[in-house]
Amino acid sequence: MWSVIILVGAAFARATTWLGLTIKTAHQVEHCLVEEIAAAPSGLEDGDTLYVANLPLIGHYARPALEERTGRRNLRVIPLTWAPRILGPVTPAELIWIDERTIEMRVAEDRYFAGPFATVVREVTGQPIPDHVDCSEEYGFRVVVLERDADGIRALRFIFERPLSEPGIHLFWGSRVRWAYEVPPREHR
């Protein structure tokens with residue numbers, strides 16, 4: 001009996017430690033994400049729209065933390081895509097400017113909306129992930145799947161209603177080396 005109690009206690013202690021590490025990691029990811037966005041070279045103003053590509057799933061509450069950190073209000077933090085992995089991209093990914101209203105995103109080894117995340121989307125919506133989604137009214141863009149395979153989506157095109165160079169609009173890119181790098185509009189020329 002004592003062996004079982006000690007074994008259960010040890011298992012509980014280990015599970016509690018892992019949970020604590022998980023929560024600490026999630027907090028650190030969100031903190032780093034918020035710090036990078038807050039340090040955006042263009043500066044943030046009240047009511048700005050921030051499009052974030054490859055947003056780590058555990059950074060989904062970034063807006064309240066960002067508003068608290070910067071003192072800005074009514075920011076719109078809109079994920080263009082969740083990162084292929086829960087903590088962010090770990091394989092090469094690429095952002096390609098087509099014009100001031102259009103970008104393409106590609107991943108090399110991982111896939112967007114793949115694995116358990118694709119299952120959740122299918123279960124919630126009752127449908128497979130479509131090849132075209134119009135979010136113009138609510139979020140200001142349309143998205144088109146350019147490449148997909150059995151593992152998921154390799155390439156996406158985003159067409160924005162307003163130019164990404166317009167004041168009050170910011171584009172952030174998550175990669176293996178940065179949580180949220182602000183991509184200046186002039187870099188696509």
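Just so it is clear, none of the values below were taken in a lab; they were calculated from the coordinates. On a predicted model such as this, the values are computed, not experimentally measured, just so you know. Cβ: placed from backbone, ideal geometry, glycine included. Neighbour counts: every protein chain shown.
Tabulated values for the structure
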read-out: DSSP-defined beta bridges in the chain - what % are antiparallel, rounded to 5; value: 70
read-out: Computed [θ] at 222 nm, helices only, for the chain once each DSSP H run of length n ≥ 4 contributes -39500 (n - 2.57); value: -10500 deg cm²/dmol
read-out: Folded to 0 to 90 degrees: helix 115-125 orientation relative to the chain principal axis, Cα; value: 70
read-out: Förster radius 25 Å - calculated FRET efficiency between residue 165 and residue 76, Cβ distance, rounded to 0.05; value: 0.90
read-out: Dipole of the range 1-159, positive direction: furthest Cα of 126, 9, 51, with charges on the beta-carbon; value: 9
read-out: Rel. contact order, % - alpha carbon contacts under 8 angstrom, at least six apart, the range 1-106; value: 23
read-out: Value of relative contact order over the chain, rounded to a whole percent, pairs C-alpha under 8 Å and six or more apart; value: 23
read-out: Listed residues 147, 45, 138, most fluctuating in the chain (Gaussian network, C-alpha, under 10 Å); value: 138
read-out: Whole-angstrom gap from the range 29-72 to the range 96-129, using each part's C-alpha centre; value: 21
read-out: Cα long-axis angle, helix 2-38 against the chain (0 to 90 degrees, to the nearest 10); value: 20
read-out: Simple label model, 7 Å out from Cα along Cβ direction - residue 124 to residue 46, nm; value: 3.1
read-out: Computed lengthening from residue 106 to residue 11, 0.36 nm per intervening residue step minus Cα-Cα distance; value: 30.0 nm
